[in-house]
Each structure stands twice: as C-alpha cells, then as structure tokens.
Amino acid sequence: MIVIHREYLAEVDAEREKTDRIRNEANAGLRGIQLKEYVTNIRTKLHTERAKEKREKYAATVLKAKEEKARLYEARVKALAGDD
C-alpha cells in the first residue's frame, strides 16, 4: 500500500512539474513580449526627447544667423549711406 501511494505521489509530482513548466514557458513568452514593448517605449521616448532638443537647438541657431545677417545688412547700409 505504501509503495502504491509513493508511486501515485511521484506521478502527481511529475504531472505538477510538467504543468508548472508549461505554464512558466507560456508566461516567459508573455514576459518577453512585455519587456520588448517596455524597451521599445523607452527608446521611442528617448528618441523623441533628443529629436525635440535638436530641433530647438537648430531653431535657435537659425534665429541667431538671421539676426546676425540683419545686423550686418544694417551696418552695410549705414556704411554706404555714410552714417557712422
């Protein structure tokens, strides 16, 4: 009777381990997908922030260049007109 009970318990444990392994493999796939989504979101956020900073820096540089061009134009006009 004890031998049969041990065999039964061994079968139950083996079945439980098999079920747990299958469940863990299924969840591992889900966790992998979730991790990929998380990494993708972080990379997208970083890219967006960096692109925004670059656009702002570029716009500031263009504005400075336009202001300098206008200043030089005014100086040239004054020089040609003889106003010092």
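Rule-based calculations on the coordinates, nothing more; no lab input. This structure is a prediction, so every number in the text was calculated from the model and none was measured. Every residue, glycine as well, gets a Cβ built from its backbone with ideal geometry; the counts of neighbours run over all protein chains shown.
Points worth noting:
- ³J(HN,Hα) computed for each position of segment 65-82 - Karplus, 6.51 cos²θ - 1.76 cosθ + 1.60, integer Hz, glycine/proline x: 5, 5, 5, 5, 4, 5, 4, 5, 5, 4, 5, 5, 5, 5, 5, 5, 7, x
- Distance in nm between pseudo-label sites at His5 and Leu63 (7 Å out along the Cβ direction from Cα): 8.4 nm
- Answer label, with mean projected area of the Cα convex hull in nm² calculated from the coordinates and candidates [x] 7.0; [y] 7.6; [z] 6.2: [y]
- Taking Ala60, Ala70, Ala51 in turn, the Gaussian network model of the chain (Cα-Cα springs below 10 Å) assigns the largest fluctuation to Ala70.
- Charging the Cβ of each Asp and Glu at -1 and of each Lys and Arg at +1, and nothing else, the dipole of segment 1-77 about its Cα centre rounds to 1020 debye.
- If you count Lys pairs in the chain whose Cα atoms are under 26 Å apart, skipping same-chain pairs closer than 8 places in sequence, the total is 15.
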